[in-house]
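In what follows, a structure is listed as structure tokens, so that the remarks can point back to it.
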Ligand code: SF4
Ligand SMILES: [Zn+2]
């Protein structure tokens, strides 16, 4: 039995880096410090043994070499290939993906477009007053969770960074910190909050507007109730925000995917901007996948845009709503697709999944997933954080090296993508 | 073993005291040698100005903050888009271009070495990841310490040796190059939304002042025998009347290194403001230049502003918040726990805006009023004052009074009453421009010992060959030719290979990262210091074991080892 | 006069978008000009996608009239940077029709896809059917959308019509979707039917809603009744979550309370 400390959990955007793994006979047998969902990932089964290709409707085992050739052929044949996923792999592989997309003339998009894409659009309009999570841990005496439920989606967020995390200026976090939860239903997180604001679905924008008007001294015009929230509560919350010494607003898909989408987030950002005239306040999107933020970082430095980049005409073009995977698939605007480290068949609307089924589809993923069932080719790879390593970016932008716990015979995403890329260069004579 | 012979080059190499001689340059295996027989490649540089490769000693090109500038600015990406061609990858952006965009454009201007001006050590890995995609230049990173809790604690305890030990640990862990202070104390105060106004303000929660941080950091820096001095972004940036703060800072700087400066003061234009408000805002460049002229142990860069759109970005979080309140443009802020802050806001500098016009003049005044070009470096604090692609225009302005006057005509009418520029006759010479764009940088950064900034035997073969015939060009009149000539080299040579030819990059580049590793005695080795490790794991949000950047992030690199005196 | 008829050919992959920003009246003045369009990553000659017929001659863009026939619902960027003349689209048109347009007329007999007249400066777009999202809006990260000209939509508009509008006029004869005029700074937006949540963060300009505004935002101040073209209508000022310098006229409104 071997014990490895300070490992990184490759599951959610918290990217906890204090995990202890116990290894026996080349397998992870238990974890320590991990939450249940992270633990499940470390102990995950269902790994595909070798590349498989669908020939006349039946899966056939093939070699990696054949798999690479098939992938190259499928993608080079297309007029508008889509390379999607990326948030479940390390940055080095994402870089290869961008290079590949340059010579393919395709669209490259990451899962941002189905979670915090609206947050990015809002940030592109008004910026982002943020900070690292340790800054919150050490200083924040007021936490707001808006449209997110960390107890279920980011189980250690509260114990590592907020409610239960003692910090430099808060030696008893649980007592000295106030927590406000805003949501359309009473979630587990709402139950432990000091203040719960229940909003009617679709009411976020109006509530944020009202809070901002109150901050501006216009409370006289606010009606007794806004989207299910009483004026009294709005006044009280505005006051809590104004008088804290460091406030931190975290928000999730409850805000970004509610009606109005990015304009909700924009309103939240500007609310935080306004609060900075009174005190210190920051805002952080609760990024879901462990390296979705890394996908944004990589694509930003390599293409100029954090997601949804269309290279069909050689130069990069960006227009979420048009160049985002969901929109392209729903409109049937692509004719081949490669999915890396993501399972769109499990989450995407039906029209999108149908289009994926109808076009040549390559999947690069360690596991058999829903998407496997509609694919034409799947290439299994090592799992970053278990038998592959690479860089990931935490939800607050902190870059972390995700280490591997063991070696295996599987190629990493970087290795397999590099092979595909090199083969493409060869075929195109570049 | 590749060999190259550059024939008939018109060389200006101030470090070697060569001031316009026609000569041959031989290169073998990436280094300049005495002679090569049967060279693999011959370049005829007849009638072409040949300089050591350009060095930018303060620019923002890689890392979390720069990338956030890209992330938040799709409108900036509408300009400068190119597709993949040959060995060149796709690029996009104007003031915050993609890494390839930065790298190719710098290479086209003959730049071969770049210093990223501000890297938070906690996010160092990010900077190094981007360096990998900046293939045409050697890269170095200034490492931020202005609000580092362990450092501030050591200063408060009066333990400068421990401070030096802390700097040493972080520099090696972050694979950083120099010690950078941005608004020392101010970024820590910003953790609770406050700021400090100058060097004698107390810093909230720490019983010290910015001045103590600056002086102690300089002492600690020299204990480590680092190639570069402390690199300071003074307090109170961008505020009317801040020149007094700058002067007071300079007065307090000790002179403790006999090889180079003891302080590098960056983007001084932003710190040379008179007046008590924006209404009576004026230039105090003369006062600043006088102070610099008196203090041979201080080197500055100008932080020139040029007109047009750009993006401001700095670790100075509170300053960016002030800009946001002024312009009401989109504002990003990113505090880094226990270390520093940062902020970003796009701006447009306009000729008809009096304040902007004065800022433009101040940068030029500094360059013209500091007597010694070795102590006044040309930079725009890219992209804060302007994107670096404006450098050729800045050079032309400094070389031609006529061009300056012509530009001045187009500015806000009241500019003349607030600045000294129109009365300054000085026109910089070719040699002075060469100093201010490479030689002075090589000296200030301590890179001469590493073969940078000159063209004689043993030097790195980083060479810029410009299509400028010095003999037939009168810079005072032919400023258009200066601009064009410095914008695109005939050849840019990096480590002995042509990497850029008339603007087209031809190679994947030959990039290295330079970083320092000071050796300290076990007593000051923080990796074995229980209090340090305990505080680290308690207050940071990542484990100390996961903090250092491994060498696998660097690719080819030069580790600059130093023997510390502690 | 010059008449150009572009008839869309049948395509093997009809859903793949075609980018055809070369289709503007001015470009047809040059008889030597080659017309290229893009199908995904393939650059094609215009004749690969359209049957092209050209009759007559013209000296200026104003004398050129282009007619697009057939299934043009996936043809994008038609009339981009158009500065005069006329484009008539007999069916539906794809995204970004009339981007940056500064003069001339685009008439669409069918429906228009999203981003109709994005960042338009002048001229007129008349859409007889519906327009999808973002009619007369801005681009990602930019502060200003439409700055001048007129977009008239006879049917319904999708969400975010006139987003970040900074000048010109949009008239929607049917209903508009969610958040019309959000972040509007200047210009005039008229909606004959209903909409929801108009003009959040309005900092200038004018919006008139002759139907019902659902989920009206609470941060607009009711300034009392007035009349437009003898219709009784309530005037609001706002948005008071920011500086509140805009005006909305609303015939009926409902709040989410
Ligand atoms: S909170 Fe997230 S990163 Fe941390 S252990 Fe759980 S799943 Fe993994
Ligand atoms: Zn700087």
How many angstrom lie between the C-alpha centres of the range B:249-272 and the range C:111-185? 55 Å
Between the Cα axis of helix A:204-215 and the main Cα principal axis of chain A, the angle (0 to 90°, nearest 10) is 40 degrees
Rounded to the nearest 500 deg cm²/dmol, what is the calculated helix-only ellipticity per residue at 222 nm for chain B, with -39500 (n - 2.57) per DSSP H run of length n ≥ 4? -8500 deg cm²/dmol
Directionally averaged projected area (convex hull, Cα atoms, chain B), nm²: 23.5 nm²
Report the Cα-based extents of the range B:127-246 along its three principal axes, largest first, to the nearest Å. 42, 34, 25
If you bin the C-alpha pair distances of chain A every 20 Å from 0, what whole percents do you get? 26, 53, 21, 1
If you average the sequence gap of Cα pairs under 8 Å that are 6 or more apart and divide by the length of chain B, what percent do you get for the contact order? 20 percent
Relative contact order of the range A:53-108, please, whole-number percent, based on alpha carbon pairs below 8 angstrom and at least 6 residues apart. 32 percent
The protein assembly as shown - Kirkwood radius from inverse mean 1/r over Cα pairs (Å): 31.9 Å
Before anything else, pin down the relative contact order of the range C:132-257: Cα pairs under 8 Å, at least 6 apart, normalised by residue count, whole percent. 17 percent
Please report, in whole Å, how far the alpha carbons of the range C:20-170 spread along each principal axis, starting with the longest. 39, 31, 29
Expressed in whole Å with the largest first, what are the equivalent ellipsoid semi-axes of the range C:108-251 derived from the C-alpha gyration tensor as the square root of 5 times each eigenvalue? 22, 17, 12
Over all pairs of distinct alpha carbons, what does the Kirkwood formula give as the hydrodynamic radius of the range A:207-248, in Å? 10.4 Å
Chain C: translational diffusion in µm²/s, Stokes-Einstein, Kirkwood Rh over Cα pairs, 4 °C, 1.567 mPa s: 70 µm²/s
In bins 10 Å wide, starting from 0, what share of all Cα pairs of the range A:117-285 does each bin hold, as a percent? 11, 42, 39, 8, 0
So how many Å³ per residue does the convex hull of the Cα atoms of the range B:281-381 work out to? 115 Å³
If you average 1/r over all unlike Cα pairs in the range B:4-156 and invert the result, what Kirkwood radius do you get in angstrom? 18.2 Å
Taking every DSSP beta bridge that has both residues in the range A:259-397, what percent is antiparallel when rounded to the nearest 5? 20 percent
Could you check what % of the DSSP bridge pairs in the protein assembly as shown are antiparallel, to the nearest 5? 40 percent
State log₁₀ I(q)/I(0) for the range B:433-566 at q = 0.19 Å⁻¹ as given by the Debye formula over alpha-carbon point scatterers of equal weight, solvent excluded. -1.21
What do you get for Rg/Rh of the range B:367-464 when both radii come from the Cα atoms and Rh is the Kirkwood radius? 1.04
For the range A:227-332, the Debye formula with one identical point scatterer on each Cα and no solvent gives log10 I(q)/I(0) at q = 0.10, 0.12 Å⁻¹ as -0.43, -0.60
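Every number in this text was worked out from the coordinates using simple rules, so none of it is lab data. Just so you know, these numbers come straight off a predicted model, no measurement behind them.
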